[in-house]
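Visitor: Have a look at this one before I ask anything.
The values are calculated or read from the model by the stated rules, or taken from the named source; none is laboratory data. Source: prediction; values computed, not measured. For neighbour counting, all protein chains shown are included, and Cβ atoms are generated from backbone atoms with ideal geometry for every residue, glycine included. SASA here: full protein model, heavy atoms, side chains in, ligands and nucleic acids out. Shrake-Rupley method; radii C 1.70, N 1.55, O 1.52, S 1.80 Å.
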Amino acid sequence: MSVRCDRDLKQYAARNNRLERQAVRLDGNGNEEMWDKFEEEMEANKELSKGLLARLKNLPNDPKRAAMTKTFKSEYQKFQRIVNKVHKRGGGMGESVGNVGVDSDHPSQEQLRLAEVKRDEELAKKQQKVQQLNQDVADLAHMFKDVAALVDQQQDTVDQIAINVEKTKANTQNAAQELHQADEYLNAARKRWLCIGIILAIILVVIGIVIWVAVGNNEKK
């Protein structure tokens, strides 16, 4: 699963870059095709955000998960900035749709009515896009709470790992010191046994000499 998360993160970053380029080309009255393309890309990234968040939650608590979570938070914040920026630009989308032309210099009542209907339809469509953009901004803000909670959870894990590393380092140093002391004790013990062996050998030699001398005196008598 971590491999898929890593792949999705790269795809997520690439989509953010595309959205950023599209946002630069958009303005408050961007044409229909540009807005549709942006919304399509944005919806795809929203779904990818949800999937990534769910998969990251299911990964084991380890440094790799922490690193991917941190990357996801950074890219998610970038996604939010892009959508918020476009949302501010799109604030005037529903204000005006301009004049819808008619085919005659002296239009009939029917032509004027049809033009008015078309203008109302375009206005409703733009207002719908603004409402959808408002909802997208709200959705992203709500989802960011889950992202932030996951990052905070991972930070606790990272802190605990750091504490465990320090404890392991301290235990290793203590173990090395104890091994050094044990080695010194072992060398001292060897020296003691060597001294004892030498003393015993001298005693045995002295006893042997005494016995040899005593036996020689007995033979002379």
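Visitor: What's the number of the only condition in (1) in a helix (DSSP H, G or I); (2) open to solvent by 70 Å² or more (accessible area, probe 1.4 Å) that residue 69 fails to meet?
Guide: Status for residue 69: all satisfied but (2).
Visitor: With 29, 17 as the choices, which residue is modelled with pLDDT under 85 and open to solvent by 50 Å² or more (accessible area, probe 1.4 Å)?
Guide: 29
Visitor: To continue, here is another question. From 62, 103, grab the single residue that is open to solvent by 90 Å² or more (accessible area, probe 1.4 Å) and either farther than 17 Å from residue 26 by Cα or modelled with pLDDT of 70 or more (or both).
Guide: 103
Visitor: What pairs come up if the first residue lies in region 1-28 and is under 12 Å from residue 68 (Cβ atoms), the second is part of a helix (DSSP H, G or I) and open to solvent by 80 Å² or more (accessible area, probe 1.4 Å), and their beta carbons are under 7 Å apart, counting only those six or more places apart or on different chains?
Guide: 1/58; 2/64
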